[in-house]
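The values are calculated or read from the model by the stated rules, or taken from the named source; none is laboratory data. The structure presented is a predicted model; accordingly, all values stated were derived computationally and were not measured. Counting neighbours? That spans all protein chains shown, and the Cβs are built from the backbone with ideal geometry, glycine included.
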Amino acid sequence: MELIKETFWSSKPAKIQAIVIIAAIAFMATVPGFTGSYTPLFIAWTMSYVILAMSWNFFSGKTGYISLASAAFYGLGMYIQAIFGREIPLVGTMLLSAGVAFAVGLGLGIVTLRLRGIYFTIFTFGLALFLNKFVHWYEGLFTRTKGRMVKPYDNETIFYAILIVFAVMLVLILIMNKSRFGLSLNCIGQNEDSAQHVGVNTTWTKVLAFAITAAPVGAVGAVMSTAIGYVDADIAFKLLASFFPVLMAIFGGMHHTYGPILGAVVFYLLQDYLIKTTGYYMIIFGVIMVVIVLVMPKGLFGIVDTIMAKRRRSFDGEVIGDV
């Protein structure tokens with residue numbers, strides 16, 4: 001309770017933040033009531049990108065350990081929904097997917113997070129590749145099928161399911177940012193050896209953060225598979241799901257809490273527009289992203305921070321001049 005109070009009620013900016021978050025989520029909850037049937041699904045896909053970016057950024061943005069395991073957790077959620085979705089309600093498969101992703105993330109973290117640098121990145125990338133090939137092998141040898149049909153849900157149900165995941169994740173990230181756990185992750189990112197010297201259990205802090213951020217990715221995979229209606233190994237463990245969160249977080253600004261949200265929204269809107277207007281969207285999209293990363297190394301929020309800093313310096317100069 002103390003952390004919640006400190007996060008949302010300890011100061012005027014914290015109170016404003018809490019009011020804005022509540023108002024925004026309440027407004028989004030009304031969207032299906034006054035829009036067409038496709039709009040809730042479009043927003044749900046956008047929010048799914050946001051959740052992936054936020055999840056990746058909370059772990060990798062803080063610690064500096066670049067994870068490419070998002071596709072693995074996302075795909076696990078998709079297959080869990082495909083296998084159990086006809087017997088278990090959507091909420092149940094979301095929780096099951098989150099739990100399995102958490103358990104896999106915990107196990108993977110225990111094995112890999114003693115590694116540093118590129119070795120950890122390669123290992124996490126290999127997980128998605130392994131699961132892709134394993135599912136291909138299993139289906140070809142035992143089920144003699146390719147892929148599975150997924151029980152569909154209406155667009156409003158998908159929208160509200162993703163909105164709940166987004167709201168819970170946003171609140172948890174804001175609270176953890178204020179906690180000793182979040183401070184420990186920041187210390188690891190700045191200097192892991194120094195963090196160890198001041199008493200931070202760096203290995204278990206990294207493992208726990210990695211597992212926590214895997215859970216919502218699994219839940220998102222479960223929900224969004226119902227929008228597709230069919231999954232196979234190539235769809236579920238699509239490697240772009242590992243690279244997109246990285247680009248979205250960098251695009252928005254890794255060092256700002258709301259940077260990945262802004263980056264993911266703009267990223268998805270740009271992607272959707274290019275898919276609908278050109279047959280060469282991947283080439284154009286790739287060039288645009290490379291240029292943006294080169295021109296804006298601190299992301300969109302970095303530009304906002306630079307403008308605000310210039311305005312403050314200008315204001316301070318005017319005040320000093322008047323004095």
Condition set among the hydroxyl-bearing types (Ser, Thr, Tyr) and part of a helix (DSSP H, G or I), scope the stretch 36-55, selection surrounded by the fewest Cβ atoms within 10 Å (Cβ to Cβ): answer is Tyr38
Of all residues in the stretch 101-160 being among the aromatic types (Phe, Trp, Tyr) and farther than 23 Å from Glu87 by Cβ, the one that is surrounded by the most Cβ atoms within 10 Å (Cβ to Cβ): Phe159
Is there any pair with a first residue in the stretch 49-71 that is among the basic types (Lys, Arg) and a second that is crowded, with 24+ Cβ neighbours inside 10 Å whose Cβ atoms are under 8 Å apart and which are 6 or more apart or on different chains, and what are they? Lys62/Leu185; Lys62/Ala209
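Residues are listed down the side, and each one gets a yes or a no for (1) touching a Phe, Trp or Tyr at 6+ places or on another chain (Cβ under 6 Å); (2) more than 27 Å from Tyr160 (Cβ to Cβ); (3) at pLDDT below 85; (4) among the β-branched types (Val, Ile, Thr):
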residue: Glu2; (1), (2), (3), (4): no, yes, yes, no
residue: Ser10; (1), (2), (3), (4): no, yes, yes, no
residue: Ile21; (1), (2), (3), (4): no, no, no, yes
residue: Trp45; (1), (2), (3), (4): no, no, no, no
residue: Ile51; (1), (2), (3), (4): yes, no, no, yes
residue: Asn57; (1), (2), (3), (4): no, no, no, no
residue: Gly77; (1), (2), (3), (4): no, no, no, no
residue: Ile80; (1), (2), (3), (4): no, no, no, yes
Of residues in the stretch 258-271 being free of Cβ contacts under 8 Å to residues at least 60 places away in the same chain and assigned to a helix (DSSP H, G or I), the one surrounded by the fewest Cβ atoms within 10 Å (Cβ to Cβ): Val266
Extreme residue, farthest from Ile235 (Cα to Cα), among residues of the stretch 135-158 that are among the β-branched types (Val, Ile, Thr) and out of contact with any Ser or Thr (no Cβ under 9 Å at 6 or more places or on another chain): Thr143
Close pairs from the stretch 111-127: first closer than 13 Å to Leu239 by Cβ, partner of a type outside the set (Ser, Thr, Tyr), Cβ under 7 Å, at least 6 apart: Thr124/Leu68; Thr124/Ala69; Phe125/Leu68; Leu127/Ala69; Leu127/Ala72; Leu127/Leu108
Within the set of pairs 6+ apart or on separate chains, which have a first residue in the stretch 11-35 that is part of a helix (DSSP H, G or I), a second that is surrounded by 12 or more Cβ atoms within 10 Å (Cβ to Cβ) and acidic (Asp, Glu), and C-beta atoms under 8 Å apart? Ala14/Glu6; Pro32/Glu156
Among the numbered conditions (1) crowded, with 22+ Cβ neighbours inside 10 Å; (2) under 14 Å from Gly77 (Cα atoms), tell me where Lys238 comes up short. (1)
Per the filter on the stretch 215-224, residues within 14 Å of the chain's Cα centre (by Cα) and either at pLDDT below 95 or β-branched (Val, Ile, Thr) (or both) are Val217, Val220
Tally of residues being among the charged types (D, E, K, R) and either over 19 Å from Leu68 (Cα atoms) or in contact with a strand residue (DSSP E or B) (Cβ under 8 Å, 6 or more places away or on another chain) (or both) across the stretch 233-268: 0
Residue by residue through the stretch 269-323, note down the ones that are among the acidic types (Asp, Glu), modelled with pLDDT of 70 or more and either over 21 Å from Pro245 (Cβ atoms) or in contact with a strand residue (DSSP E or B) (Cβ under 6 Å, 6 or more places away or on another chain) (or both). Asp305
